[in-house]
1. Collect the residues in the stretch 236-271 that are in contact with a Lys or Arg (Cβ under 9 Å, 6 or more places away or on another chain) and buried (at least 23 other Cβ atoms within 10 Å of the Cβ), keeping them in residue-number order.
2. Within the stretch 120-138, how many residues turn out to be farther than 20 Å from residue 207 by Cβ and not in a helix (DSSP H, G or I)?
3. For residue 228, work out the one condition from (1) without any contact (Cβ under 8 Å) to a residue 60 or more places away in the chain; (2) within 16 Å of ligand 1 (Cβ to nearest atom) it doesn't fulfil.
4. Of the numbered conditions (1) in contact with a Ser or Thr (Cβ under 8 Å, 6 or more places away or on another chain); (2) under 16 Å from residue 64 (Cα atoms), residue 125 fails exactly one; give the number of that condition.
5. For the structure I just gave you, tell me whether residue 307 is under 26 Å from residue 141 (Cβ atoms) and near ligand 1 (Cβ under 10 Å from one of its atoms).
6. Before we move on, is residue 230 part of a loop (DSSP other than H, G, I, E, B), in the same structural domain as residue 337 (by TED's automatic domain parsing) and polar (S, T, N, Q)?
7. Using beta carbons and a limit of 6 Å, which pairs, at least six apart or on different chains, have the first residue in the stretch 299-325 and in the same structural domain as residue 343 (by TED's automatic domain parsing) and within 18 Å of residue 359 (Cβ to Cβ) and the second one at pLDDT below 80 and within 16 Å of ligand 2 (Cβ to nearest atom)?
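The values are calculated or read from the model by the stated rules, or taken from the named source; none is laboratory data. Computed from a prediction, not measured in an experiment: that's the story for all the values here. When we count neighbours, we look across all protein chains shown, and the Cβ atoms used for this are built from the backbone with ideal geometry, even at glycine.
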Amino acid sequence: MAMAYEKDTIAAVATPAGTGAVALVRLSGAGSWGVAEAVFRGKGRLAARRVVYGNLVDEEGRIIDDVLVTAFRGPGSYTGEDTVEIACHGGMLVTRRVLELVLRNGARAAEAGEFTRRAFLNGKLDLTQAEAVMDVIGAQSDLALRAAHRQLEGRLGNVLVGLRDELVEVLAHVEAWIDFPEEDIDPDTGVVLREKTVRVAEGVERLMATAEQGRLLREGVRTVIAGAPNAGKSSLLNRMLGFERALVSEQAGTTRDSIEETINLGGIPVRLVDTAGLRSETADPLEAAGMARTRRELGTADLLLEVVDASQPPAGELEGGESLPVRRLLLLNKADLGVDSGWEGRGGLRVSCRTGEGMDEVVKAVVELIAGVPGEGGDVDAAVNARHAGCLRRAAAALRAAEGQLAAEAAPEFTALDLREALEAMGEVTGRTDVEDLLGVIFARFCIGK
Ligand SMILES: Nc1nc2c(ncn2[C@@H]2O[C@H](COP(=O)(O)OP(=O)(O)O)[C@@H](O)[C@H]2O)c(=O)[nH]1
Ligand SMILES: [Mg+2]
């Protein structure tokens with residue numbers, strides 16, 4: 001693979017700013033070994049994939065730090081270029097001195113994300129994998145991390161490459177009709193091409209459908225706890241958090257403001273929001289403002305935990321109709337006092353925030369609602385992000401249009417336009433748009449017109 005981007009040598013501190021035992025200064029580019037050799041006095045010379053101990057010295061021969069240096073030869077490195085990693089002591093000052101030293105000796109300060117950008121440009125990663133690097137670093141829960149790792153492995157890219165290859169075959173056939181109109185078109189071929197197009201469209205749409213799950217995994221599930229005053233909403237928040245975060249009182253209307261905390265529920269990041277209780281009327285303007293806020297929270301929630309005092313007969317569910325989230329769970333609280341027979345058949349979970357009864361079931365039910373897999377925290381093969389979803393939506397629309405053209409036996413030029421648009425949109429997801437090359441390969445196999 002051609003080195004598209006080995007012009008200059010970049011350097012950056014790869015570890016977070018702050019004090020630590022060690023810090024890592026990373027160099028990448030054709031000149032990186034040269035830069036390192038200019039400032040390093042080691043017990044032995046740099047060698048690929050070997051760790052060498054020694055000192056970094058400045059232009060006056062003063063020792064800046066003692067370090068471990070690991071060198072890599074491209075393309076067998078993260079960026080695909082020659083790379084050097086300098087592990088120095090993790091003080092803020094010493095780290096800065098090391099970076100300044102390599103910058104004075106021929107390296108340039110890397111821009112944000114430049115190492116990974118080079119890895120992409122040198123064909124080490126596709127775009128989905130490059131994005132997954134950030135997802136792995138930013139992951140806040142096991143499930144999000146697992147999904148990010150799968151994407152880093154290239155699963156999403158592989159699925160897309162498979163779909164794209166199938167589609168390029170279809171396009172090759174359609175373009176053959178355009179290029180060789182005198183060739184007889186096998187009537188069955190049209191049907192087969194249409195079937196293939198539909199198959200690819202379905203694959204793209206399946207990926208698109210994971211976008212919602214991707215968002216929930218990356219950003220967390222906004223979960224609003226709502227219900228009548230005194231139902232036990234604040235008690236539920238405290239129970240789920242495992243400590244007393246919200247004020248609990250037998251006085252109705254204690255919670256006026258929304259309280260938000262993030263917890264890890266079965267591997268899913270869940271943002272719990274405790275709200276002011278909803279009742280039909282109040283004379284207290286502060287409580288009224290709290291209730292208005294609760295309604296707003298409900299409008300943006302991914303999940304609703306509706307808490308009721310089940311020791312009392314039902315007195316009207318949450319109204320609010322269309323503004324309530326689709327995912328909801330009814331919690332029959334205060335089960336320790338006994339559940340009123342009026343709640344039978346409502347399908348709620350019996351819980352007690354006082355004794356902890358039913359809390360495991362709540363966790364299980366929430367995970368199931370979000371991940372769709374009971375118990376084991378879900379198994380997400382691909383969870384596309386918003387950028388992917390945008391490209392995939394365009395691809396799906398173009399594919400469905402192509403399907404229509406094929407069904408109507410329209411002029412192949414129109415079909416080809418739609419198919420190309422779909423391929424381009426799919427290529428944008430991975431950043432690989434080498435359709436012309438692929439067409440060449442397929443045409444070579446085709447032997448059209450002998
Ligand atoms: N017996 C019993 N009392 C509860 C339970 N959960 C909450 N409470 C009581 O109900 C009252 C209201 O609780 P709170 O969490 O402040 O309700 P909120 O207004 O919905 O936030 C408090 O006195 C709690 O101690 C429960 O499961 N069982
Ligand atoms: Mg409360």
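1. 237, 255, 270, listed by residue number.
2. 3
3. With (1) without any contact (Cβ under 8 Å) to a residue 60 or more places away in the chain; (2) within 16 Å of ligand 1 (Cβ to nearest atom) applied to residue 228, the lone miss is (1).
4. Just one mismatch for residue 125, condition (2).
5. Working: under 26 Å from residue 141 (Cβ atoms): yes; near ligand 1 (Cβ under 10 Å from one of its atoms): yes.
For residue 307, the condition - under 26 Å from residue 141 (Cβ atoms) and near ligand 1 (Cβ under 10 Å from one of its atoms) - is met.
6. yes
7. 306/318
So that you can scan it fast, the table gives a plain yes or no per residue for (1) charged (D, E, K, R); (2) free of Cβ contacts under 8 Å to residues at least 40 places away in the same chain; (3) outside the structural domain of residue 363 (by TED's automatic domain parsing); (4) within 11 Å of ligand 2 (Cβ to nearest atom):
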{"residue": "247", "(1), (2), (3), (4)": "no, yes, no, yes"}
{"residue": "257", "(1), (2), (3), (4)": "yes, yes, no, yes"}
{"residue": "266", "(1), (2), (3), (4)": "no, no, no, no"}
{"residue": "269", "(1), (2), (3), (4)": "no, no, no, no"}
{"residue": "272", "(1), (2), (3), (4)": "no, no, no, no"}
{"residue": "277", "(1), (2), (3), (4)": "no, no, no, yes"}
{"residue": "284", "(1), (2), (3), (4)": "yes, yes, no, no"}
{"residue": "293", "(1), (2), (3), (4)": "yes, yes, no, no"}
